[in-house]
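Have a look at the structure below, then the notes.
The values are calculated or read from the model by the stated rules, or taken from the named source; none is laboratory data. Here the structure is a predicted model, which is why all the values come from computation and not from measurement. Please note: Cβ atoms are built from the backbone with ideal geometry, for glycine as well, and neighbour counts cover all protein chains shown.
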Amino acid sequence: MADATAVPPMSPALLTTADGRPLKAALQAAQARARRRAFLLVAPLLLFVVLTFIVPIGQMLHRSVYHDGLSSNAPKIAAWFAATPAGTPPDEAAWAALAEDFKAMKANKTAGEAGTRVNYTLPETRSLFTKTARGADKLAPPWHEAFVAIDPKWDDLAVWQAMRGASTAYTTDFYLIATDRTRDAAGNVEQVAENQRIYLWLFGKTFFLSGMITVICLALAFPVAHLLATLPARKANLLMILVLLPFWTSLLVRTTSWMVLLQGQGVVNDLLVRGGLIGDESRLAMMYNQTGTIIVMTHVLLPFMILPLYSVMRVIPPSYARAARSLGATSWTTFRRIYLPQTLPGIGAGALLVFILAVGYYITPALVGGADGQLISNLIQFHMANSNWSLAAALAAMLLAGVLVLYWLYDRLIGIDNLKLG
Amino acid sequence: MALPVYASPLERLWHRTYLVICAAIFLFLISPILIVIPLSFNVEPYFSFTKEMLSLDPSGFSMRWYDSLLTVGMTTPDGPRDANWWSMAWAEATWVQAAKNSIIIGFWSTILATFLGTLAALGLSRPEMPWRRAVMAVLISPMIVPIIIIATGLFFFYSNPCSVVGLSCGRLTSTYTGIVMAHATLGIPFVIITVTATLSGFDQSLIRAGASLGASPSRTFFKVVLPLITPGVVSGALFAFVTSFDEVVAVLFIAGPEQQTIPRQMWNGIREAISPAILAVATILVIISIALLATVELLRRRSERLRGVTPA
Amino acid sequence: MKRLLILSTALSAGLAFAANADVTVMSWGGAYGAAQTEAHVKPWSEKTGNKAVMIDNENPATPIKAMVEAGNVTVDVASVEYADAIRLCDEGVLEPIDAAALPAGADGTAAADDFLPGAVTDCGVSTDIWANVFAYDSSKFTGEKPSKVADFFDLEKFPGKRGLKKGAKAVLELALMADGVAPADVYTVLGTPEGVDRAFAKLDTIKKDVVWWEAGAQAPQLLADGEVAMTTAYNGRIFAAAIEEGKPFEIVWDGQIYENEMYVVPKGAPNKDLAMDFIKYATSTEGLRAQAQNISYGPSRKSAMKEELLYKDGKTVMAPHLPTAPENMTNSLLTSSDFWVDKNSELNERFNAWLAAN
């Protein structure tokens, strides 16, 4: 920056630089340049992350409200639905449009695709579509009778209601399914039968288990972090290795190890049997169930709780506690009133981080969770594998929303730049 | 931690209990990692300690599972172990291929993540950086967003990357490029975090000092800034490498049969029949992570020493 | 910097090792995948000089649709269940098969007459007939041994954990048969809401003692590890464990649920013509016999059973171990592909909900 005092001021009211520009403007220009330069350093990465992260997720979320299985393969009947108000019973024009669509779908082999879309909201319509397509060549007026001759189900208004829902490419159907709801024949939203409800329950269970794992992690991390923070540096560094080694070890390795330890014929059960604590017949089931998920996830996530707690505890001056004791407080009161409040930032940071990571966990529950230890991520994968992409996307969107709220909370309370590793 | 001299007997008892609790938690942390090491030398295809192993009888131990890492996938695993055999194992063995893939993918994704991440961290650490907090939140988010969501998104996007602009231009699924990019994205938050942490203790006046002595900005960067932040960059790179080396979900979704990595192969093994060969791989990986941990620890000390000489 | 350059060149040179295979076959892994590798992949490669590789999947049918719709087909031939072959064909994600191009049997019978009924469909050719059976570890039951399908659900007479495949298919049928429904009526009953409730009610009786498996190789592993006393399994896997590893596993054929396994070609397969050639070879009399010599699934051509079939050990006669053996079929059920094409997603939803609820 040039020195403003090097030349005599042109006007006493306005400071200028050597080349005669007003100082204020020059400063602003310099700052803008600095800002631009800083931003340019970040720009390549930002572009990369937008391309490989933001755009793919955005595109995937789009699928949760978009499915053109019926609308693109059966455009005629889709147009009829668009032209008539909801609840209109099918007239002869509708049947004719449908017949034309079915002839086209038979030729293009797309009846299965269209039927699959309707099947998402009304079971057994997929086979109705493929069956009708097989006989589509023989369809002739009067259309209505011809359709009912192929399958009397065509007279069921629920089928038409489901088709109406599927006739537009943009739809909220998948969010309805993802919240265990459906539309009745009249188009009103209602809950599905009790034995079909799963998603909201599983979201609840995922959050509950994550909360439980967070609490267990906190209970285990607190004494360890406290010990590490109060030990002399050399001993603490040595013990720290015991925390950092799991952190650096492959997740799959750790999961395998736990399987070896916990399975029916595994090390823990063997020790218990040999020690005479349990009979050979009553080996504990600690794997392929919820217990397995909780134990292994606690182990995997524990370092994420210890490290932030440790970094907070390390800088708590011991003199406050000593002062409290000297003023007559018991050790419990000192802990509760003096020490604990000072560790709160660490507890908050660790708990939020562990909870966020736990909610989206996939690998561990998939490997050791068995039937009742599955989390919502596993169901997302299930629907991906079964090509029900829109439902997978809707569930993913709901999970993502939850995680982002927590992330926002984390940023507000702790600040994302305070995240530390190792 | 020492107890104060004025501690009551009850407090002493509690203190001892507390130490026992801590020891138990440390045992919980470390025992699963150590347990696989002896078991990987088991003669029997079981996951428990046999009598021979407990009595340290040599006949209870063997290298057969390590050997199987070389022979599985070879067309003719039997035969003399000459140079020809070894070159076949190098070219055919399933686990060897997986290791090669893991290293190639890990290497390139680390390079990409470290380069872009360090550059961005330099920008983010400047006080002039606009929307600093928001940009930082976006760049860290791959660490927070559940991997299943990222992998799902990448699966669709990679199938036809140009569909965003309404074109069609080949695919990134089943390619090395695709996985390298995905793993780089996952590793970037770690690089950002470690490098910005190193830069937060960096004295900006050193840059001005360099400039005032007549160094060009690039010379200042290479001679002053880079040596000081190197520990942060390297440990960020190590984190990025480990992230890639350990990643399985994105590989499950977007890799083809030719890009099977070690974790992918382990996943297969665990889902089907966990043979002790998995434990042999696990043991090797544990040893690698011990080495990496030692490196990071040394770097951290070096960094502290370097920063110690910098006037705050 | 220079060192880095050398290292990076070395690493990118490593990329070249992954030479493209001419034909990629995707199958179920474990003993079954190994049998197809020995019987089809290796001999075809040797005969034609084309490279072929086998890759494993828990269920090869699941990725096909995703691959085709995403335009990312990496597999040329896949081995899928019958109902999946029909469903995927209906959805237009499989290449049609030219039935007329299939070779005649070794005894000269035309392919159309040689294949068992239903073994060749629009998009697939059957390689074998396999069965869902249940098996037990005979060393676990010293007294009376399980012999009836109902015994699988009898925890008092035969205590111990049960292994079951995680999914609705074949599990609901098993439950109904154990509940006394005759095989001929199973799909009629299961077609009604009450029938579905009845099947789940039967499953409820053992739910707490079930270990669920997903990949076919897990079932014999669960038995071998002593994690379960009985498990449903693909019969060939149990046979392989019993013969190859000398495990004391016994199959209960009562209430077996059998079906065809199909080779299919995903639409847009990178090497479609070679894939078709592979299928022609694999489903020839020679190919089918070779597979049945490696695993105990019934060949889908009559000509393959004309001469006595021995296991690859050279002494075990295969006929009594096949699902198609008359004595094994006294109380058996043919999987209804029509039923499962239609109800698969609905019943699996219900199954998932049932499974997740405590």
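Of a type outside the set (Lys, Arg) and either on the phi > 0 side of the Ramachandran plot or more than 9 Å from every other protein chain (Cβ to nearest Cβ) (or both): does that describe A:Met287? It would help to see each step written out before you state the result.
Numbers: of a type outside the set (Lys, Arg): yes; either on the phi > 0 side of the Ramachandran plot or more than 9 Å from every other protein chain (Cβ to nearest Cβ) (or both): no.
So A:Met287 does not fit the description; no.
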Checking A:Ser257 against (1) within 7 Å of chain B (Cβ to nearest Cβ); (2) under 28 Å from the mean Cα position of the chain (by Cα); (3) in contact (Cβ under 8 Å) with a residue 12 or more places away in the chain, the condition it does not meet: (3)
Scanning for something under 30 Å from C:Gly191 (Cα atoms), touching a residue at least 12 places away in the same chain (Cβ under 8 Å) and not small (Gly, Ala, Ser), does the stretch C:285-294 turn up at least one residue? no
When only residues in the stretch B:141-174 that are facing chain A (nearest Cβ under 7 Å) and more than 24 Å from the chain's Cα centre (by Cα) count, which is modelled with the highest pLDDT? B:Phe157
What number of residues within the stretch A:19-65 satisfy the criterion of being in contact with a strand residue (DSSP E or B) (Cβ under 7 Å, 6 or more places away or on another chain) and closer than 21 Å to A:Leu404 by Cβ? 1
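Does A:Arg283 qualify as being crowded, with 19+ Cβ neighbours inside 10 Å, more than 30 Å from A:Leu228 (Cβ to Cβ), out of contact with any Ser or Thr (no Cβ under 8 Å at 6 or more places or on another chain) and among the charged types (D, E, K, R)?
Working: crowded, with 19+ Cβ neighbours inside 10 Å: yes; more than 30 Å from A:Leu228 (Cβ to Cβ): yes; out of contact with any Ser or Thr (no Cβ under 8 Å at 6 or more places or on another chain): yes; among the charged types (D, E, K, R): yes.
The answer is yes for A:Arg283.
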Name every residue in the stretch A:96-113 that is touching a helix residue (DSSP H, G or I) at 6+ places or on another chain (Cβ under 6 Å), more than 10 Å from chain C (Cβ to nearest Cβ) and either among the small types (Gly, Ala, Ser) or surrounded by fewer than 22 Cβ atoms within 10 Å (Cβ to Cβ) (or both), in order of residue number. A:Ala96, A:Ala97, A:Ala99, A:Glu100, A:Lys103, A:Lys106
From the residues in the stretch C:306-358 that are more than 14 Å from every other protein chain (Cβ to nearest Cβ) and assigned to a helix (DSSP H, G or I), which one is surrounded by the most Cβ atoms within 10 Å (Cβ to Cβ)? C:His321
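Please pick out the residue among B:Ile262, B:Ile193, B:Ile207 that is more than 22 Å from A:Thr364 (Cα to Cα) and in contact (Cβ under 8 Å) with a residue 40 or more places away in the chain.
Working: B:Ile262 fails: more than 22 Å from A:Thr364 (Cα to Cα); B:Ile207 fails: in contact (Cβ under 8 Å) with a residue 40 or more places away in the chain.
After ruling out the rest, the residue left standing is B:Ile193.
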So which residues in the stretch A:23-42 are among the hydrophobic types (A, V, I, L, M, F, W, C) and either within 8 Å of another protein chain (Cβ to nearest Cβ) or in contact with a Leu (Cβ under 9 Å, 6 or more places away or on another chain) (or both)? A:Leu23, A:Ala34, A:Ala38, A:Phe39, A:Leu40, A:Leu41, A:Val42
For C:Val53, indicate whether it is within 14 Å of chain B (Cβ to nearest Cβ) and crowded, with 22+ Cβ neighbours inside 10 Å. no
Residue check for A:Asp270: facing chain B (nearest Cβ under 10 Å), charged (D, E, K, R) and either farther than 30 Å from C:Asn348 by Cα or crowded, with 18+ Cβ neighbours inside 10 Å (or both): yes
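Any residue at all in the stretch B:30-44 that is in the same structural domain as B:Tyr176 (by TED's automatic domain parsing), under 28 Å from B:Gln260 (Cα atoms), surrounded by 18 or more Cβ atoms within 10 Å (Cβ to Cβ) and touching a residue at least 24 places away in the same chain (Cβ under 8 Å)? Break it down stepwise before answering.
Step one: of the stretch B:30-44, the residues in the same structural domain as B:Tyr176 (by TED's automatic domain parsing) are none.
Scanning the stretch B:30-44, I find no residue that is in the same structural domain as B:Tyr176 (by TED's automatic domain parsing), under 28 Å from B:Gln260 (Cα atoms), surrounded by 18 or more Cβ atoms within 10 Å (Cβ to Cβ) and touching a residue at least 24 places away in the same chain (Cβ under 8 Å), so the answer is no.
Need a quick list: helices (runs of 4 or more DSSP H) entirely within the stretch B:201-312 having at least 1 residues that are aliphatic (A, V, I, L, M) and buried (at least 23 other Cβ atoms within 10 Å of the Cβ). Before you say what the answer is, go through the steps one by one.
Details: elements: B:205-212, B:217-220, B:226-246, B:249-254, B:262-271, B:276-309.
It comes to B:226-246, B:249-254, B:262-271, B:276-309.
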All but one of (1) more than 10 Å from every other protein chain (Cβ to nearest Cβ); (2) of a type in the set (A, V, I, L, M); (3) in a helix (DSSP H, G or I); (4) touching a helix residue (DSSP H, G or I) at 6+ places or on another chain (Cβ under 9 Å) hold for C:Val196; which doesn't? (1)
What do you reckon, is A:Thr125 surrounded by 15 or more Cβ atoms within 10 Å (Cβ to Cβ), under 20 Å from C:Lys65 (Cα atoms), without any contact (Cβ under 8 Å) to a residue 60 or more places away in the chain and out of contact with any Asp or Glu (no Cβ under 6 Å at 6 or more places or on another chain)? yes
Being touching a residue at least 40 places away in the same chain (Cβ under 8 Å), assigned to a helix (DSSP H, G or I) and within 18 Å of the chain's Cα centre (by Cα) narrows B:Ser68, B:Ser109 down to just B:Ser109
Which condition does A:Thr255 not pass, out of (1) surrounded by fewer than 19 Cβ atoms within 10 Å (Cβ to Cβ); (2) under 23 Å from A:Ala219 (Cβ atoms); (3) among the polar types (S, T, N, Q), if it passes all the others? (1)
Any residue that is modelled with pLDDT of 90 or more, within 8 Å of another protein chain (Cβ to nearest Cβ) and either surrounded by fewer than 16 Cβ atoms within 10 Å (Cβ to Cβ) or over 12 Å from the mean Cα position of the chain (by Cα) (or both) - is there at least one of those in the stretch A:362-382? yes
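Just checking, which of A:Trp80, A:Trp95 is in the same structural domain as A:Thr168 (by TED's automatic domain parsing), in a helix (DSSP H, G or I) and in contact with a His (Cβ under 7 Å, 6 or more places away or on another chain)?
Details: A:Trp80 fails: in contact with a His (Cβ under 7 Å, 6 or more places away or on another chain).
Answer to the check: A:Trp95.
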If you check every pair at least six apart or on different chains, which have Cβ atoms under 9 Å apart with a residue in the stretch C:134-153 that is farther than 15 Å from C:Trp253 by Cα first and a residue that is of a type in the set (Phe, Trp, Tyr) and part of a loop (DSSP other than H, G, I, E, B) second? C:Lys140/C:Phe158; C:Phe141/C:Phe158; C:Glu144/C:Phe158
Could you give every pair whose Cβ atoms fall below 6 Å, whose first residue belongs to the stretch C:332-344 and is over 10 Å from C:Ile257 (Cα atoms), and whose second residue is at pLDDT below 90 and buried (at least 21 other Cβ atoms within 10 Å of the Cβ), counting only separations of at least 6 or pairs across chains? C:Ser337/C:Ala83; C:Ser337/C:Ile86; C:Trp340/C:Ala83; C:Val341/C:Ala83; C:Val341/C:Ile86; C:Val341/C:Arg87; C:Asp342/A:Ser127
Sole miss for B:Ser102 among (1) among the hydroxyl-bearing types (Ser, Thr, Tyr); (2) part of a helix (DSSP H, G or I); (3) surrounded by fewer than 15 Cβ atoms within 10 Å (Cβ to Cβ) is condition (3)
If you take the residues in the stretch A:334-355 that are away from chain B (no Cβ under 13 Å) and of a type in the set (Val, Ile, Thr), which one is nearest to A:Tyr410 (Cα to Cα)? A:Ile347
Can you find a residue that is at pLDDT 90 or above, in a helix (DSSP H, G or I), within 12 Å of A:Val260 (Cα to Cα) and in contact with a helix residue (DSSP H, G or I) (Cβ under 9 Å, 6 or more places away or on another chain) anywhere in the stretch B:18-32? yes
